[in-house]
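First the structure, in the form of structure tokens, and then the observations on it.
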Amino acid sequence: MIKGYAGKLLEVNLSAGKTKDVELDDEVLKDYMGGRGLAAKILWDRLGHKWEKVNPLDPENILLFLTGPLTGYFPGGRICVSGKSPQSNGVIGSTVGGEFGVELRCAGYDGIIVTGKADKPVYLLIKDSDVEIRDASNLWGKDAKQTMTLLTRECRELLKKRYPLFGEWREPAMLYIGPAGENLVRTAVVAAKWAHAAGYGGYGAVMGSKKLKAIAVKGTGPLPEAANLKKVEKLIDEICKVIYEGELWRRWGTGAGGYEVGAKTSSEPVRNWQEEWHDEKSFGVDKFEDRVWVKQCWSDFGCPTNCLKVAVVKTGKFKGAITDNPDYELQAYLGPNLGIFTPEGNVYMASVVDDLGLCGIQTGNVLGFAAELYQRGILTKDYLDGLELKWGDAEVFGALTRKIAYREGVGDLLAEGTYRAALKLGKMKKMDLLPYAVQSKGIGIGAHGIRSGKDYPDVISYAVSVQGGDHTSTAGLPLNGGGSELTEIFNDSAVYCNFNSFGIRRTLKFEFYKAVTGLPMTMKEWFGKRAIKTLQLQRAMLLLGGPDTKWKPKTDDVNPPRFYEPLPSGPYKGKTADEAAVKKKVKDYYKAAGWDKNGIPKSTTLKKLGLQDADEALQKLRALQS
Amino acid sequence: MKKKKEPIWIAREFTKCSGCRKCEIACSLSHEKSIWPEASRVRIFMLVPGAEFPHLCAQCEDYPCVKACPVNALSTSEYTGAVLVDSKACTACGKCITACPGRIPHMHPTEKRVLICDLCDGNPQCVKVCREGGWNVFKTVTRRNRAYELYARKPEEVTRDLCAKFYGEKGEEFV
């Protein structure tokens, strides 16, 4: 067995109400590591042969919660959630911060495979090797905060009853869904700690489709033994030393972005991306710090960065709203993208999506889409159940968000996410509404635009990413560079927070991997032989897609139309993405990734990597192209 | 001649706690030679998100835990003021936990003995990492005549107070 792994996964069949342990194969772990990579491998092995027919919200989908060998060791604990995505119909490695991954590893598991569907709402309680599927009817329908309160009480009481001499039991770590996940909203998240979420992918809906309200885990063992603990400690110290010098992230997190990404780099969504510039000083980080942050440093396990803050609205009509910072993504998407430029309005909106278990990015994206249609007279007050969806009105946006979570009225349509809503509504209106949908492969684009060229994403970041609009997994060339999607595959497969790898020398994470697992790993090996396999499998499953929609590289490896409209305001007014340059870069990317001119992984590429079955599955797509 | 050290105390400011658990990592690395959160003598409770705080021995003046031990497995260090556990003598009966006003001691997850902060023989590792990171929840101070038992409180009590402070009127309902 490789060091640093617990060595087994927990498999839970909710239809049968049974659980078992699944051992991990060393060779698979060497190639796919954990988290996102292992998710792609497991999903491909189990569902690949019938991928196009698997409805992500049917019991046959598989929901995965996977750690990696570095979880708990590398500063900043996370867990990777995956499965067939109800947004892209491919596979997203969607990670969420917190202690869940650490607790799971301390309980003796590297991850959880959930199959089937329960008859009635359940939650999973894991205490080391004791696993129970428990009734969750008292939790169903409850929001994030209620769910955590009730579950914390129930689990601690149970533990106390069972182990009365232990002393005070701490809360188990929990992942849960809110009402949005229960109602199969495609933009629902798997959440933790009130305000943390595995957002991209829509796995909250998958969890809801399985009637799985929550998972609680208490692991009382140590982390799986590392090969060279002294070296691990040294590397942790090296990381912390660098991080401690970074005042920006430690003090403000990404909270300075809500003002600066717009004002300085013109790459922030403003009113559904009609603009990417604003200079609203009311939205400055000083305002957040002074008016709403009640806790300046909030961290997940082992994290020196503490980019999170706790925010509470103290005055006005949104008094009592609680959330984290919000971080830049939610600042932008539930702020300027909706024409909201006050910390109070923004915190309120973030607390609404947290409580309902919705993704702040995807929800901000679809709300912005709807508000632009209202602005243009395409959607009227009548159609919006009487709501006047004016830019900047946080109360009305909050009301529409609730409709989405409960699939009420127009919310039922918007609960499908921006892409699917645009198609459905377009059909009804006999209009092409996709120009107003700022998304890629069914996933709303993260809050970093490409038009000004001043923020980090490359012009093909979203167009060819195997995770669509996901701003945490952007594609770039060279394939072995820092801006490559293969770099993100390392973070998401070793499973830790990539914020703690900013400013760290590039070779450190490979040394860290070796110190934990005992296995040497060169960068060349990672990029050329290992991460590339995950990328190819993700690409294969993305292109196979189905059943409700499929992506064609020719028409879908593109940027949203809005990114070709010139920026209308700000210092970069007139700038836009150059379509010819994008097309050329997409071609270059295909070549570098070993894909044919139609964007399909080549037979030779896949065979060289030992992915013969993926090659066979893609034959029919190649035939369609020729 | 080596100067005799004064007993120490770990002063604590709960509202600054980020919940990063670096104290648990340092404690378990130091005492157990592994990262082992449940075997850490200092444990971060997060009964409510945002209201994290470290739960660790407060070294009450009258040491009720020491008095309660039926097998004399607990003693106090003259040198640091810490409660010391004689691991071999301890029977894991739990009487010290009941005697503690904050129910702070807890059992070692795999061995039959109780875990209580030993102040790392005068150089607490939790304090070191917390200060290195600038959170400064902890500070090592010399032990003087103070009401240390005020800090020996049950997790729910501390959480309620922190929730009231951070979240206002309805904060305590989250506990």
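Laboratory data are not the source of any read-out in this text; all were calculated from the coordinates shown. Note that the structure is a prediction, hence the values are computed from the model and not measured. FYI the Cβ positions are ideal-geometry reconstructions off the backbone, even for glycines, and counts take in every protein chain you see.
Taking the Cα centre of region A:349-431 as origin, work out the dipole magnitude from +1 charges on Lys and Arg Cβ and -1 charges on Asp and Glu Cβ, in debye rounded to 20.
Its charge dipole is roughly 500 debye.
Provide the per-residue ³J(HN,Hα) series for region B:26-38, in order, calculated from phi with Karplus coefficients 6.51, -1.76, 1.60 and θ = phi - 60°, each as a whole number of Hz, with x at glycine and proline positions.
Karplus values, whole Hz, x for Gly and Pro: 5, 5, 6, 5, 6, 8, 10, 6, 6, 7, 8, x, 6.
Simple spin-label model, 7 Å along Cα-to-Cβ: A:THR604 to A:ASP412 in nm?
5.3 nm
With 5 Å bins from zero, work out the P(r) of region A:1-118 over every alpha carbon pair and list the percent per bin.
Pairs per bin, as whole percents: 2, 12, 22, 24, 21, 12, 5, 1.
With each run of n ≥ 4 DSSP H residues scored as -39500 (n - 2.57), what mean residue ellipticity at 222 nm is computed for chain B after dividing by its residue count and rounding to the nearest 500 deg cm²/dmol?
-6500 deg cm²/dmol
Within 10 Å of each residue's Cβ, count the other Cβ atoms and sort A:ILE322, A:ILE532 from fewest upward. Could the numbers behind the result be given before it?
Working: A:ILE322 27, A:ILE532 22.
By the 10 Å Cβ count, ascending: A:ILE532, A:ILE322.
Based solely on its DSSP helices, what 222 nm [θ] is calculated for chain A when runs of n ≥ 4 H residues each add -39,500 (n - 2.57) and the sum is averaged over all residues, nearest 500 deg cm²/dmol?
-11000 deg cm²/dmol
Take the Cα radius of gyration of region A:291-367 and divide it by 2.2 N^0.38 Å, with N its residue count; two decimals is plenty. It would help to have the intermediate numbers written out before the result.
Details: Rg = 12.2 Å, N = 77, 2.2 N^0.38 = 11.5 Å.
Ratio of Rg to 2.2 N^0.38 Å for region A:291-367: 1.06.
Can you give the convex hull volume per residue for the Cα atoms of region B:1-119, as a whole number of Å³?
134 Å³
Of A:LYS20/A:LYS533; A:LYS381/A:LYS430; A:LYS218/B:LYS170; A:LYS127/A:LYS509; A:LYS524/A:LYS608; A:LYS127/B:LYS112, which ones are farther than 21 Å apart at the Cα?
Beyond 21 Å: A:LYS20/A:LYS533; A:LYS218/B:LYS170; A:LYS127/A:LYS509.
Report, by chain and number, residues whose modeled amide H sits under 5 Å from the one on A:LYS84, excluding near sequence neighbours (fewer than 5 apart, same chain).
Amide H to amide H, under 5 Å and 5 or more residues apart or across chains, A:LYS84 pairs with A:ILE62.
If you take the C-alpha gyration tensor of the protein assembly as shown, multiply each eigenvalue by 5 and take the square root, what semi-axes do you get, largest first, in whole Å?
The equivalent ellipsoid of the protein assembly as shown has semi-axes of 44, 29, 25 Å.
At A:ALA580 and A:ASP385, where each label point lies 7 Å from the Cα along Cα→Cβ, what is the point-to-point distance in nanometres?
Computed distance between label sites A:ALA580 and A:ASP385 equals 4.9 nm.
What does the charge count around A:ILE79 come to, taking other residues whose C-beta lies under 13 Å from its C-beta (Lys +1, Arg +1, Asp -1, Glu -1)?
On the way: positive: A:ARG36, A:ARG78, A:ARG105, A:LYS193; negative: A:GLU99, A:GLU103, A:ASP110, A:ASP300, A:ASP492.
Here the count lands on -1.
Remind me, what semi-axes does region A:106-219 give for its equivalent ellipsoid, largest first in whole Å, using sqrt of 5 times each Cα gyration tensor eigenvalue?
24, 14, 13
Over all alpha-carbon pairs in region A:55-99, figure out the percentage whose distance exceeds 16 Å. All intermediate terms of the calculation are to be shown ahead of the outcome.
Details: 423 of 990 pairs.
Percent of Cα pairs beyond 16 Å in region A:55-99: 43.
Taking amide H positions as placed in the peptide plane 1.01 Å from N, state which residues far from A:LYS575 in sequence (5 or more) or on other chains have amide H under 5 Å from it.
A:LEU567
At a temperature of 10 °C and a viscosity of 1.306 mPa s, determine how fast region A:398-514 diffuses translationally according to Stokes-Einstein, using the Kirkwood radius over alpha-carbon pairs as Rh; express D in µm²/s, rounded to the nearest whole number.
Answer from the Stokes-Einstein relation: 96 µm²/s.
Could you please rank A:ASP455, A:ASP58, A:ASP130, placing first whichever residue has the fewest other Cβ atoms within 10 Å of its Cβ?
Neighbour counts put them in this order, fewest first: A:ASP130, A:ASP58, A:ASP455.
Take the Cα gyration tensor of region A:547-592, multiply each eigenvalue by 5, square-root it, and list the three semi-axes largest first, rounded to whole angstrom.
With the √(5λ) rule applied to region A:547-592, the semi-axes are 26, 16, 6 Å.
Pairs of Cα atoms under 8 Å, at least six residues apart: use those to get the relative contact order of region A:246-444, whole percent.
17 percent
Could you run the Debye sum over the Cα atoms of region A:211-277, one equal point scatterer each and no solvent, and tell me log10 of I(q)/I(0) at q = 0.12, 0.14, 0.21, 0.28 Å⁻¹, two decimals?
-0.72, -0.80, -0.89, -1.13
Give the aspartates and glutamates whose C-alpha is closer than 17 Å to that of A:LYS264, dropping any in the same chain fewer than 8 places away, or say none.
A:GLU275, A:GLU276, A:ASP279, A:GLU280, A:ASP286, A:GLU329, A:ASP455
Beyond 18 Å, what share of the Cα-Cα pairs of region B:64-114 remains, rounded to the nearest whole percent?
Counting pairs separated by more than 18 Å, the tail of P(r) holds 23 percent.
Tell me which residues come under 5 Å, amide H to amide H, from A:GLN439 once H is placed; ignore anything under 5 positions away on its chain.
Amide H to amide H, under 5 Å and 5 or more residues apart or across chains, A:GLN439 pairs with A:ILE445.
Report Rg (one decimal) and Dmax (nearest whole number) for region A:79-151, counting Cα atoms only, units Å.
That works out to 13.9, 35 Å for Rg and Dmax.
In vacuo Debye scattering of region A:1-54, one point per C-alpha: log10 I(q)/I(0) at q = 0.17, 0.21, 0.31, 0.32 Å⁻¹?
The Debye formula, applied to the Cα set alone, gives -0.65, -0.91, -1.19, -1.21.
Arrange A:ARG420, A:ARG134, A:ARG105, A:ARG506 by Cβ neighbour counts within 10 Å, fewest through most, would you?
A:ARG506, A:ARG134, A:ARG420, A:ARG105
Tabulate in residue order the Karplus-calculated ³J(HN,Hα) for region A:50-59, using 6.51 cos²θ - 1.76 cosθ + 1.60 with θ = phi - 60°, rounded to whole Hz; enter x for Gly and Pro.
10, 3, 5, 8, 6, 7, x, 9, 9, x
Show which aspartates and glutamates lie in cross-link reach of A:LYS602 when reach means a straight Cα distance below 15 angstrom and same-chain residues fewer than eight apart are skipped.
A:ASP588, A:ASP613, A:ASP615, A:GLU616
Would you please calculate the Kirkwood hydrodynamic radius of region B:52-175 over all C-alpha pairs and express it in Å, rounded to one decimal?
15.8 Å
For chain A, what relative contact order do you get, as a whole percent, if you take Cα pairs closer than 8 Å and at least 6 residues apart?
17 percent.
Find, among the chymotrypsin sites (Phe, Trp or Tyr not before Pro) in region A:101-202, those assigned to loop by DSSP (not H, G, I, E, B) with at most 14 other beta-carbon atoms within 10 angstrom.
none
Throw me the Rg/Rh for region A:246-444, computed over C-alpha atoms with Kirkwood Rh, two decimals.
Working: Rg = 16.6 Å, Rh = 16.9 Å.
Over the Cα atoms of region A:246-444, Rg/Rh equals 0.98.
Radius of gyration and Dmax for region A:482-626's Cα atoms, expressed in Å?
Looking at region A:482-626, its Cα Rg and Dmax stand at 18.4, 54 Å.
Along region B:12-20, what does the Karplus equation 6.51 cos²θ - 1.76 cosθ + 1.60 (θ = phi - 60°) give for ³J(HN,Hα), rounded to whole Hz, x for Gly and Pro?
9, 10, 4, 5, 8, 5, 8, x, 6
Debye sum, Cα scatterers, region A:343-471, no solvent: what log₁₀ I/I(0) at q = 0.15 1/Å?
With one equal scatterer per Cα and no solvent, log10 I(q)/I(0) is -0.72.
Compute from the Cα atoms of region A:161-276 the Rg and the Dmax, the latter being the longest Cα-Cα distance, and quote both in angstrom.
Cα-based Rg and Dmax for region A:161-276 come out at 20.7, 61 Å.
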